[in-house]
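Here the structure comes first, spelled out in structure tokens, and everything after it is commentary.
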Amino acid sequence: MKPLHALLCLALAAAGWTAGRRWHPGAAVPAPVGNTEPVSAPLPASSSPAPRGTPGLAEKLKELAALPSTPDTIKEATDFLQDFPPADLPVVQAWYAGLPKGELKDAVLAQLLPVLARHRFPDACALVNALPADNWGAPRSRTEFQLRLVEEFGADQTPASRESRLASFPAADQPALRAAFQLSRFGELAWVDPVQAFSQLASLPEESRAPAVWGLFVSWVHSDPAGAAPHLLQLPPELQDEVLPLFTREWGQLAPRQVAAWVDSFPEGPRKQAAIVGLVHGLSEGHPVDAVAWAARLADPEARAEALKTAWLGTGPYFPEAVRAAVVALPLPPKEKAPLLQSPSLEDTAK
């Protein structure tokens, strides 16, 4: 089983960046994806930068490019370019092209791309297609930028229009882009109708199935965990082992008694152990004494020691006396309890 923090990262990535949306509890059902307004007429081509309506654009951009690439500089540049007018595209494009590879250039692209896509869609595609595959290790890959162009921009958002935009990207990028597009569509369905999405898991390509499952249950656990639980147990065993710790962690933060009763109903075995690992993480956020008790039920000594640390590191420091008493009362060998009892905060409570 992978470490829980890796599972969480993968699950969040699966729920991931899709046209700037995230699954989260309590949010309204998202509107149909994309800009449904007609695209503005293309700007006339120009061989030299045009002046900005507000004088001083080129000088300001030159000044920004000369500054060290720090978080403050990046914020200043993105704030300055926020919703800039289409008439400034020639100047901004030329400035962007001259920037060295790095965080500033990636941040500027995020501001430039929406304006460019609405007014010069072919130029936007060419700009994104020219990115390195890993986009310098930036938060958004070339595939993610391409997916954004497919989903957000265009005269309409009909399947035919989206298919046309998908086909406009290089053949070498098509497999990754189409897989990302299919996963994005699945994610939208999972948000609105998780039961229907669950029924379609088998139709997804095998390589997309695991991230789809993670994304589905990350969303579902926040909207209807009791309804999601029996569906999770219908997954193949290897996927259950991957998803269970994440699911019980999230559910443990929302309804600790409910999830504890569910986990307690499992027969002893690997599945129950995986569920307990996640439950300890979830309970540690507000119920460290209960987390300690569940951690002690892990059969593997190394996993148990790690879970006891987790139980303490959540909100344990806010309740040191209660946590110390819980650890002392555990039916474990003294050598297993000693590392936790010797932590400075718990030692103080014994004086």
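I need the full set of residues from segment 245-283 which are part of a loop (DSSP other than H, G, I, E, B) and within 26 Å of the chain's Cα centre (by Cα), in order please.
255
Results for (1) at pLDDT 85 or above; (2) outside any helix (DSSP H, G or I); (3) closer than 18 Å to residue 59 by Cα, shown as yes or no for each residue.
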{"site": "89", "(1), (2), (3)": "yes, no, yes"}
{"site": "95", "(1), (2), (3)": "yes, no, yes"}
{"site": "101", "(1), (2), (3)": "no, yes, no"}
{"site": "105", "(1), (2), (3)": "yes, no, yes"}
{"site": "161", "(1), (2), (3)": "no, no, no"}
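Just to be sure before I move on: is residue 262 closer than 24 Å to residue 303 by Cα and among the aromatic types (Phe, Trp, Tyr) in the structure I sent?
Answer is yes for this residue.
Tally the residues that are assigned to a helix (DSSP H, G or I) and over 25 Å from residue 260 (Cα atoms), restricting the search to segment 195-244.
Residues flagged as assigned to a helix (DSSP H, G or I) and over 25 Å from residue 260 (Cα atoms) within segment 195-244 amount to 13.
Right, residue 284: of a type in the set (S, T, N, Q) and at pLDDT below 80 or not?
The answer is no for residue 284.
Based on what the data block shows, is residue 229 under 19 Å from residue 192 (Cβ atoms) and open to solvent by less than 10 Å² (accessible area, probe 1.4 Å)?
no
Restricting attention to segment 77-95, does a residue exist that is farther than 19 Å from residue 148 by Cα and among the acidic types (Asp, Glu)?
So far as segment 77-95 goes, yes, one or more of its residues are farther than 19 Å from residue 148 by Cα and among the acidic types (Asp, Glu).
Residues 293, 311: which one is hydrophobic (A, V, I, L, M, F, W, C), open to solvent by 40 Å² or more (accessible area, probe 1.4 Å) and assigned to a helix (DSSP H, G or I)?
Matching residue, one of 293, 311: 293.
Check segment 256-272 and report whether any residue there is open to solvent by less than 30 Å² (accessible area, probe 1.4 Å), of a type in the set (Lys, Arg) and without any contact (Cβ under 8 Å) to a residue 24 or more places away in the chain.
yes
So if I check each of 68, 25, which one is of a type outside the set (Asp, Glu), modelled with pLDDT of 50 or more and either open to solvent by 60 Å² or more (accessible area, probe 1.4 Å) or not in a helix (DSSP H, G or I) (or both)?
Among 68, 25, only 68 is of a type outside the set (Asp, Glu), modelled with pLDDT of 50 or more and either open to solvent by 60 Å² or more (accessible area, probe 1.4 Å) or not in a helix (DSSP H, G or I) (or both).
Which one of the conditions (1) under 30 Å from residue 282 (Cα atoms); (2) modelled with pLDDT of 85 or more does residue 126 fail to meet, given that it meets all the rest?
Unmet condition: (1).
Looking at segment 209-220, which of the residues that are under 15 Å from residue 235 (Cα atoms) and not hydrophobic (A, V, I, L, M, F, W, C) is least open to solvent (accessible area, probe 1.4 Å)?
215
Go through (1) in contact (Cβ under 8 Å) with a residue 12 or more places away in the chain; (2) farther than 18 Å from residue 190 by Cβ; (3) surrounded by fewer than 21 Cβ atoms within 10 Å (Cβ to Cβ) and name the single condition residue 238 misses.
In the conditions (1) in contact (Cβ under 8 Å) with a residue 12 or more places away in the chain; (2) farther than 18 Å from residue 190 by Cβ; (3) surrounded by fewer than 21 Cβ atoms within 10 Å (Cβ to Cβ), residue 238 misses (1) alone.
The values are calculated or read from the model by the stated rules, or taken from the named source; none is laboratory data. Because the structure is predicted, anything quoted here is derived from the model rather than measured. Cβ sites come from the backbone with ideal geometry, for glycine too, and all protein chains shown count toward neighbours. In case anyone asks, the SASA skips ligands and DNA or RNA and just uses the protein heavy atoms, side chains included. Shrake-Rupley method; radii C 1.70, N 1.55, O 1.52, S 1.80 Å.
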